[in-house]
Amino acid sequence: MNEIATTATPTALTPSTTDLLLDGNRQAAAAFTAGHLAAPPVRNLAIVTCMDARIEPLRQLGLGLGDTHLMRNAGGRVTDDVLRSLMVSTAALGVREVAVMQHLSCGMGKLSDAQLREKVLETTGFDPGALEFLSFTDIEASVRADVERVRNHPGVAAERVIGLVYDVATGLIHEVN
């Protein structure tokens, strides 16, 4: 387990999250060799996936830095902002294929939008109103709906859009048709 996940409250003797991140960056930068990479992804691919900490899309899909554009959010859902990014990717940066990858045991499949609204209100005092959190009960139906949303969007110039489901327990991915 890493220090960030186990540090409950920073104290004078415990490094802050910022210190841990900056130290980690200095270590990573010492070995950094990717400064030559261009912004367009080498594989002409964009991936939409969940923000879940158990998902490392590049490693789990056999990809490397510079291979793909990666968009992450709660549930790996195709939101308006994801569509905005996909329009930029496909119209200006050469992306021709899009993969929508959601996963089993996702928190967005465990709580309804109403429950999520209540959690936000209870935790923060902020009422998110009618905000759609895009929770789901059927992951394959969710993937299919998001794939269709990308395919049918007139501003997204993808030639191929696929749907994937990742199993966080086994590490395996299967395609959704």
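For Val100, what charge total do you get from the other residues with a beta carbon under 14 Å from its beta carbon, if Lys and Arg give +1 and Asp and Glu give -1?
Result for the local shell: +1.
Going by Cα centres, the stretch 84-161 and the stretch 23-49 are how many Å apart?
Comparing the Cα centres of the stretch 84-161 and the stretch 23-49, I get a distance of 24 Å.
Give me the net charge of Leu45's neighbourhood, meaning all other residues with Cβ under 10 Å from the Cβ of Leu45; Lys, Arg count +1, Asp, Glu -1.
Counting the neighbours of Leu45, the net charge comes to +1.
Which value, in Å to one decimal place, does the Kirkwood hydrodynamic radius take for the chain when every pair of different Cα atoms is included?
It is 18.3 Å.
Suppose we flag GluC sites (Glu not before Pro) only when DSSP calls them loop and at most 14 other Cβ atoms lie within 10 Å. Which is the longest uninterrupted stretch of the chain?
1-131
Note down the magnitude of the dipole of the chain about its Cα centre, charges +1 on Lys and Arg C-beta and -1 on Asp and Glu C-beta and zero elsewhere, to the nearest 20 debye.
Magnitude of the dipole: close to 400 debye.
Just to be sure I understand: with springs between alpha-carbon atoms less than 10 Å apart, which residue in Ala30, Ala157, Ala39 has the highest mean-square fluctuation in the Gaussian network model of the chain?
In the Gaussian network model the winner is Ala30.
Specify which residue in the list Leu172, Ala29, Gly107 is farthest towards the positive end of the charge dipole of the chain, using unit charges on the beta carbon of Lys, Arg (+1) and Asp, Glu (-1), about the Cα centre.
Of the options given, the answer is Ala29.
Counting only chymotrypsin sites (Phe, Trp or Tyr not before Pro) that sit in a DSSP loop (anything but H, G, I, E, B) with at most 16 other Cβ atoms within 10 Å, what is the longest stretch of the chain containing none of them?
Longest gap between qualifying sites, sites excluded: 33-125.
At Ile173 and Arg54, where each label point lies 7 Å from the Cα along Cα→Cβ, what is the point-to-point distance in nanometres?
If labels sit at Ile173 and Arg54, their model points lie 1.7 nm apart.
Pick out, in residue order, every one of the trypsin sites (Lys or Arg not before Pro) in the stretch 98-177 that is DSSP loop and has at most 13 other C-beta atoms within 10 Å; say none if there are none.
Answer by residue number: Lys110.
Please list, in chain and number order, the residues 5+ apart from Ala157 or on another chain whose amide H is under 5 Å from its amide H, with Hs placed from the backbone.
So Ala157 has HN proximity to Thr90, Ala91.
FYI, it's all coordinate maths here, none of it is from the lab. Computed from a prediction, not measured in an experiment: that's the story for all the values here. Methodologically, a virtual Cβ is constructed for each residue, glycine included, from the backbone with ideal geometry; neighbour enumeration extends over all protein chains shown.
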